[in-house]
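The values are calculated or read from the model by the stated rules, or taken from the named source; none is laboratory data. Treat the numbers as computed from the prediction; the structure is a model and nothing was measured. Ideal geometry is used to build each Cβ from the backbone, glycine not excepted, and the neighbour counts take in all protein chains shown. Side chains included, ligands, DNA and RNA excluded: accessible areas come from the protein's heavy atoms. Shrake-Rupley method; radii C 1.70, N 1.55, O 1.52, S 1.80 Å.
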Amino acid sequence: MKTDFHLHNKTILVTGATGGIGVAIAKGIAEMGGTVIATGRDKGKLEQLISGLEGNHQMIVADLLAETSRKLLVSQIPNIDGIVHASGAVFPYPIKFLNQQKIDETLNINYESPVLLMSEITSKRKLNKNASIVFLSSISGQHPHKGGAMYAGSKAALEAFSKVVALELQHKKIRSNCISPAMVRTPMYEVAEQNMSKEDMDKHINQYPLGVGYPEDVSNTVVFLLSQASRWITGQNITLDGGFLLG
């Protein structure tokens with residue numbers, strides 16, 4: 001059966017590949033015939049990931065917060081057909097506790113590092129024509145929560161950046177989109193469980209008509225956006241929330 005829902009002959013760079021969602025994305029790409037270049041800071045986790053993937057894949061240990069590391073990463077990769085920016089972190093702070101250090105720790109990893117990585121990749125002309133770029137945002141970007149000033153702000157900024165990427169690279173038929181998940185069962189989910197009472201956690205989960213998500217739910221959407229099946233989609237933000245925002 002002929003289908004465009006595959007990634008054969010495509011090489012995809014995945015940042016944050018050692019996180020719960022990043023691992024699922026790398027596996028999804030490999031399962032659909034793509035070649036993965038996985039990057040992250042934890043060498044052991046990267047080795048474990050690559051050893052579990054079928055096919056010939058690559059890992060590059062890199063700290064995206066460091067300029068020299070970003071430049072080295074870009075110099076080591078071949079021309080690519082897609083990027084998934086899956087690295088990120090959540091640091092919840094009420095506004096009265098914000099200071100320059102807390103602002104920087106969120107913006108540096110959630111916004112500045114993917115922006116600067118994209119700058120390096122485009123300046124070195126590492127993106128093939130018809131490539132697809134996917135940024136991992138969050139429903140918090142458009143629906144902030146208490147204590148989420150910096151996290152929500154960083155994701156909203158990332159969504160705006162993705163649209164600019166789509167505009168600036170359209171002449172090469174390169175697409176750029178965001179995915180905004182709600183709560184997904186990752187290590188971050190486990191932290192939330194520990195920091196909330198069971199009553200509050202159950203109340204929150206009950207607001208999801210389809211239940212909370214799993215990393216594979218995000219991965220499946222990423223694979224779609226990387227494939228030619230989504231060739232007419234760019235500059236968009238796809239919400240994955242199991243019906244949470246329906247009200």
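Going residue by residue through the range 75-83, is there one that turns out to be open to solvent by 10 Å² or more (accessible area, probe 1.4 Å), over 25 Å from P181 (Cα atoms) and among the acidic types (D, E)? Checked against the condition, which is being open to solvent by 10 Å² or more (accessible area, probe 1.4 Å), over 25 Å from P181 (Cα atoms) and among the acidic types (D, E), the range 75-83 yields no hits at all. Summed over the range 31-52, residues that are open to solvent by 20 Å² or more (accessible area, probe 1.4 Å) and either on the phi < 0 side of the Ramachandran plot or aromatic (F, W, Y) (or both) total 13.
A89 satisfies every condition listed in (1) free of Cβ contacts under 8 Å to residues at least 24 places away in the same chain; (2) in a strand (DSSP E or B); (3) surrounded by fewer than 16 Cβ atoms within 10 Å (Cβ to Cβ) except (2). I'd like the residue in the range 172-213 that is in a loop (DSSP other than H, G, I, E, B) and open to solvent by 50 Å² or more (accessible area, probe 1.4 Å) and, out of all such residues, is modelled with the lowest pLDDT. The selected residue is M196. Considering the range 16-52 alone, what residues qualify as being closer than 21 Å to Y214 by Cβ, assigned to a helix (DSSP H, G or I) and out of contact with any strand residue (DSSP E or B) (no Cβ under 7 Å at 6 or more places or on another chain)? Across the range 16-52, the qualifying residues are G20, V23, A24, K27, G28, E31, K45, Q48. Entry remark, the range 128-153: residues being assigned to a strand (DSSP E or B) and either under 21 Å from T221 (Cβ atoms) or open to solvent by less than 10 Å² (accessible area, probe 1.4 Å) (or both) number 8 in total. Scanning the range 224-247 for residues that are more than 14 Å from V134 (Cα to Cα) and assigned to a loop (DSSP other than H, G, I, E, B) returns W232, D241, G242, G243, G247. Taking T11, is it touching a Phe, Trp or Tyr at 6+ places or on another chain (Cβ under 7 Å) and open to solvent by less than 70 Å² (accessible area, probe 1.4 Å)? When the stated conditions are applied, T11 does not pass them. Look at the range 61-73 and say how many of its residues are buried (at least 20 other Cβ atoms within 10 Å of the Cβ) and closer than 13 Å to T18 by Cα. Residues flagged as buried (at least 20 other Cβ atoms within 10 Å of the Cβ) and closer than 13 Å to T18 by Cα within the range 61-73 amount to 1. Among the criteria (1) in a helix (DSSP H, G or I); (2) open to solvent by less than 30 Å² (accessible area, probe 1.4 Å), the one E105 does not fulfil is (2). When the range 53-78 is filtered for residues that are farther than 11 Å from E120 by Cβ and touching a strand residue (DSSP E or B) at 6+ places or on another chain (Cβ under 8 Å), the ones remaining, listed by number, are L53, G55, N56, H57, Q58, M59, I60, V61, A62, Q76, P78.
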